[in-house]
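Below is one structure; the comments refer to it alone.
Derivation of every value follows stated rules applied to the coordinates shown; laboratory data play no part. This structure is a prediction, so every number in the text was calculated from the model and none was measured. Quick reminder, even Gly has a Cβ in these numbers, built from the backbone with ideal geometry, and neighbours come from all protein chains shown.
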Amino acid sequence: MAIILNIETATKNCSVSLAKEGKIIAIKELNDGNYSHAEKLHPFINEVVEEAQISKSEIDAIAVSKGPGSYTGLRIGVSAAKGLCFSLDKPLISIETLRSLASSITVKDGVIVPMLDARRMEVYSSVYDAEGNQAREIKAEIIDKNSFSEYLEKGNVYFLGDGAAKCKEVIQHKNANFIDDKFPSAKEMAALSFHKYKKDDIEDVAYFEPFYLKDFVVTSEKKKV
């Protein structure tokens with residue numbers, strides 16, 4: 001009876017779930033428009049464990065959203081997950097953030113395009129078919145009026161995630177469908193992490209790093225004249 005703790009911190013949604021055999025038994029999340037992971041993540045972990053009335057030693061694996069996403073958010077989530085794996089001697093499972101986001105909706109046709117905001121008109125995105133199979137690799141790309149035209153010309157395209165919101169005015173095709181208020185969540189991670197657990201698809205805890213996709217650039221504050 002596999003019990004897996006799922007941690008999602010790739011975006012502004014700080015989300016933690018506890019799942020048994022891929023089914024949620026406790027979940028706690030906050031998406032208030034701010035990055036509150038440093039303050040909320042560890043209390044949320046304690047709260048879901050308490051709600052499920054289990055001890056941390058009963059957890060069979062720790063799953064973490066691997067990215068792409070917020071550099072700081074990913075660092076916090078992965079650090080917490082690795083710390084738990086080391087202290088509890090449990091395996092680490094990584095879940096692609098965009099795959100998790102894509103699985104938050106079900107469609108009968110066309111393709112699903114999960115998007116995460118990457119500043120200005122750039123997004124992190126991928127493409128999945130109606131069966132959940134990845135149809136295109138993950139990219140960091142600048143959105144313009146011709147973006148995803150090869151999919152839009154063939155049928156319905158369902159855009160979701162915080163990156164999709166800023167694309168509504170740019171991508172104005174009749175087959176473009178925008179799904180509002182969807183964020184990566186530990187809720188969708190439950191089934192995905194259980195699937196990986198059954199296959200023993202785990203990470204090397206010591207060497208695992210988040211999937212940033214782009215190099216993190218530190219910008220210095222401009223000096224006042």
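Report the far tail of the P(r) of region 105-179, meaning the percent of Cα-Cα pairs longer than 22 Å.
11
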Would you please give the residues with an amide H less than 5 Å from that of Arg136, counting only those at least 5 places away or on a separate chain, with H modeled from the backbone geometry?
Val127
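What do you get for Rg/Rh of the chain when both radii come from the Cα atoms and Rh is the Kirkwood radius?
Details: Rg = 17.9 Å, Rh = 18.0 Å.
Radius of gyration relative to Kirkwood radius: 0.99.
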So, in Å, what gap is there between the alpha-carbon centers of region 106-128 and region 1-18?
21
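Considering Cα pairs under 8 angstrom that are at least six residues apart, work out the relative contact order of the chain and quote it in whole percent.
After rounding, I find 23 percent.
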Can you sort Thr106, Thr72, Thr11, Thr97 so the residue with the fewest Cβ neighbours within 10 Å comes first?
Thr106, Thr72, Thr11, Thr97
Return the sequence-ordered ³J(HN,Hα) values of region 23-28 in whole Hz as given by the Karplus equation 6.51 cos²θ - 1.76 cosθ + 1.60 applied to θ = phi - 60°, using x for Gly and Pro.
10, 5, 10, 6, 8, 9
Can you sort Leu41, Leu213 by how many other beta carbons sit within 10 Å, fewest first?
Leu213, Leu41
Across region 176-190, in residue order, what do the Karplus-derived ³J(HN,Hα) couplings come to in whole Hz, using 6.51 cos²θ - 1.76 cosθ + 1.60 with θ = phi - 60° and x for Gly and Pro?
8, 10, 9, 9, 7, 6, 10, 9, x, 9, 5, 5, 6, 5, 4
Relative to the longest principal Cα axis of the chain, at what angle does helix 37-52 sit, 0 to 90 degrees, rounded to 10?
60
